[in-house]
Amino acid sequence: MAEEAKGKVNWFGNQGWLCPEQGKMKTADCGICGSPMNVKRNVLGPTSWIESMGRGEHLHDSFTCPNFEEDWHEKIVKLKSEARNTASDKIKKILEEEVIEILEANAVR
């Protein structure tokens with residue numbers, strides 16, 4: 001059973017991608033669905049929008065979730081964003097239930 005099904009959705013985990021300094025992480029799990037992330041080592045490029053606009057780049061590792069481009073994955077990203085922005089515990093509980101349903105329907109974790 002998914003950890004989310006235990007009622008503990010990680011509202012602040014990564015969004016399905018990470019760009020840590022090269023060699024700092026061996027593995028990573030997706031903060032959206034919990035899947036082990038794919039990794040590319042020693043990537044030369046920007047790691048943020050600001051760095052990209054300034055035409056900066058540096059070596060880093062690039063982790064991406066294999067489910068990153070799935071519609072259900074993006075829906076969970078949006079639901080988690082809504083949950084972080086609500087002051088209502090009732091609405092957050094409803095959003096948590098929907099995240100759990102999506103994960104279970106897609107046999108994730």
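Of all the residues in segment 95-109, those that are surrounded by 14 or more Cβ atoms within 10 Å (Cβ to Cβ), of a type in the set (A, V, I, L, M, F, W, C) and not in a loop (DSSP other than H, G, I, E, B) number 5.
For segment 70-88, a residue qualifies if it is in contact (Cβ under 8 Å) with a residue 12 or more places away in the chain, part of a helix (DSSP H, G or I) and surrounded by fewer than 18 Cβ atoms within 10 Å (Cβ to Cβ), and the qualifying residues are TRP72, LYS75, VAL77, GLU82, ARG84.
Does segment 46-56 include one or more residues that are loosely packed, with under 11 Cβ neighbours inside 10 Å, in contact with an Asp or Glu (Cβ under 9 Å, 6 or more places away or on another chain) and part of a loop (DSSP other than H, G, I, E, B)? There is no residue in segment 46-56 that is loosely packed, with under 11 Cβ neighbours inside 10 Å, in contact with an Asp or Glu (Cβ under 9 Å, 6 or more places away or on another chain) and part of a loop (DSSP other than H, G, I, E, B). For segment 38-73, the tally of residues that are over 21 Å from LYS24 (Cβ atoms) and in contact with a helix residue (DSSP H, G or I) (Cβ under 7 Å, 6 or more places away or on another chain) stands at 2.
Residue under question is ILE91, and the condition is that it be of a type in the set (A, V, I, L, M), surrounded by 12 or more Cβ atoms within 10 Å (Cβ to Cβ) and either under 19 Å from the mean Cα position of the chain (by Cα) or more than 16 Å from TRP11 (Cβ to Cβ) (or both); does it hold? For ILE91, the condition - of a type in the set (A, V, I, L, M), surrounded by 12 or more Cβ atoms within 10 Å (Cβ to Cβ) and either under 19 Å from the mean Cα position of the chain (by Cα) or more than 16 Å from TRP11 (Cβ to Cβ) (or both) - is not met. Residue selection: ASN67 satisfies the criterion of being in a loop (DSSP other than H, G, I, E, B), among the polar types (S, T, N, Q) and more than 15 Å from VAL9 (Cβ to Cβ).
Every number here is computed from the coordinates shown, using simple stated rules; none is lab data. Please read these numbers as outputs of a predicted model, since none were measured by experiment. In this analysis, Cβ positions are derived from the backbone assuming ideal geometry, glycine residues included, and neighbour counts consider all displayed protein chains.
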